[in-house]
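Each remark here refers to the structure printed beneath this line.
Readers should treat all values here as calculations from the given coordinates under stated rules, not as data from a laboratory. As the structure is a prediction and not an experimental result, all values here were calculated from the model. Here the Cβ is made from the backbone with ideal geometry for all residues, glycine too, and neighbour counts use every protein chain on show.
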C-alpha cells in the first residue's frame, strides 16, 4: 500500500510522514510514485489489445514532477488551458500526445496549441470551430480537430462536476453534432480526426459511461456513412475513486471493458483522459493540530491546513478520511471533532464529526488528496501554499518548495 502504518507511524511507501513533517513542515502534500505508476499501468494494461493512448487529465494535479513521471511512462495529456500546455512541455511531455479540451480557448491559446503541434483540439461550439479554422489559415496549417459531443447522459455524480447533460455548458449538442461535423469537413483549414465525450467526474458507476460510448458510437457510424472517417475515439475520463473504506466504486476494468465491448471491432485509436483515478489515492495532505477546542455543541481540532489548501470539503461537501500519523497511544482521550483550519470562514473545514484520539501538536493525514488538492489551492487570507513532496521507496524528494509571504505580493506595486 502507498500509505500504511509501520511500527505505529503512518508512512508514505517506506518514509514515515513524521520525518517528512520534520524536514519540510506542514501543511504539506505528499505523493507516492509507486501509486501513480500502478494506477497509470492499470489503464494501459486493460488497453493492451487495442491502439490506445492514456491522456492524463492535467487539471487533476499539474505538479511538474508528476507530469514528468507520467511523460516518462509514455502518457499523453488532456489539457484545458495554455498554461497547462506550457506545464506539459516544461515537464518533457510531447505536444503530439496532447488533446486540448475546454469551452473557452482564447485566440492566443489556439495559436500556441497549433504552433506546438498538439494531437487534437477538441471543439466545443460552432463559434470555436470557425475561430480555429481562421487561425489555422493564418498560420498556414490544417488544425487537427474533434468535437466533444454532449450525449445528454446523466453521470449520476455531484451537480457541480456533471458535464454530459443538455443543460451543461460543455460540448456540442448531440442533435447538432452531425451538422457541425459535415460543416467542419468542408472548412479548408480543419482536419477532422476524431470524436469524443466527457459526461462527468467522480463516476462510481460504469453504466452511464458505457451508455455514452454507445450513443456517440452511433453518431460516429452515421458520420462514417456520410464520408467522414475518424482516426480516434475519445472516451473522456471521470472515473471515480473510493474516498472512504467500503465505498462502492466500479473498478477501472468495468469502465474500460464496457466501452471496448460497445466499440466492438472498430480500429480507431482509443483515447481516455483519467485524472483523479491516477493521482487521487496517491496523495495525502499532511497537517498539524494547533489547538483542541471544546465548544458547547461541537469540539474542534484546529489544524494548520485550511480551505485554501484543500477546498473540496468546502466546495462539494467532499468526504476525506482523516488518519492520525501516529496511532492512538494509551492515555490519550478520544473525542469527536470537526477538523477545521484557521481561515476566517465557517466553510473552512476538512472534516466533520470524526472520532479521534489526539493531542495538540499531533500530525494528521488527510487521505485521498492527490487530485484537486494543490491544483485548486489559493492564497486566501494571504496564506502561502504548501510544499509538495514525492516519495519513491525510501526516498522523499521536495518537488515544490513552500511559498513565502514575500512571494505572494512580489508582483504588486505600491502607489506613488
The simple spin-label model distance between residue 138 and residue 353, using points 7 Å out along Cα→Cβ, in nm, is 5.7 nm
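Semi-axes of the equivalent ellipsoid of the stretch 33-277: what are they in whole Å, largest first, if each equals the square root of 5 times a C-alpha gyration tensor eigenvalue?
Details: eigenvalues 138, 95, 53 Å².
Sorted largest first and rounded, they come to 26, 22, 16 Å.
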A correct fewest-to-most ranking of 243, 31, 181, 291 by other Cβ atoms within 10 Å would be 291, 243, 181, 31
Percent of all alpha-carbon pairs of the stretch 262-401 at distances over 25 Å, whole number, is 35 percent
The convex hull of the Cα atoms of the stretch 231-294, divided by residue count, gives a volume in Å³ per residue of 118 Å³
Full extension between residue 407 and residue 103 adds, at 0.36 nm per residue less the Cα distance, a length in nm of 106.3 nm
So, with points 7 Å from each Cα along the Cβ direction, the residue 38-residue 7 label distance in nm works out to 2.3 nm
Taking r as the C-beta separation of residue 64 and residue 296 and R0 as 56 Å, the FRET efficiency to the nearest 0.05 is 0.75
Residues 126, 388, 221 in order from fewest to most other beta-carbon atoms within 10 Å are 221, 126, 388
Rounded to the nearest 0.05, FRET efficiency between residue 395 and residue 73 (Cβ-Cβ, R0 25 Å) equals 0.85
Computed Rg/Rh for the stretch 9-130 (Cα atoms; Rh = Kirkwood radius) stands at 1.07
Beyond 40 Å, the calculated P(r) of the chain holds a percent of Cα-Cα pairs equal to 22 percent
Fewest to most Cβ atoms within 10 Å: 213, 287, 397 sort as 397, 213, 287
Semi-axes a, b, c in Å (a largest) for the stretch 61-103, each sqrt of 5 times a Cα gyration tensor eigenvalue, come to 16, 11, 8
Stretched fully, the stretch from residue 23 through residue 86 gains (0.36 nm per residue minus C-alpha distance, one decimal, in nm) 19.6 nm
Here the gain from full extension of residue 267 to residue 332, 0.36 nm per residue of separation minus their alpha-carbon distance, amounts to 17.3 nm
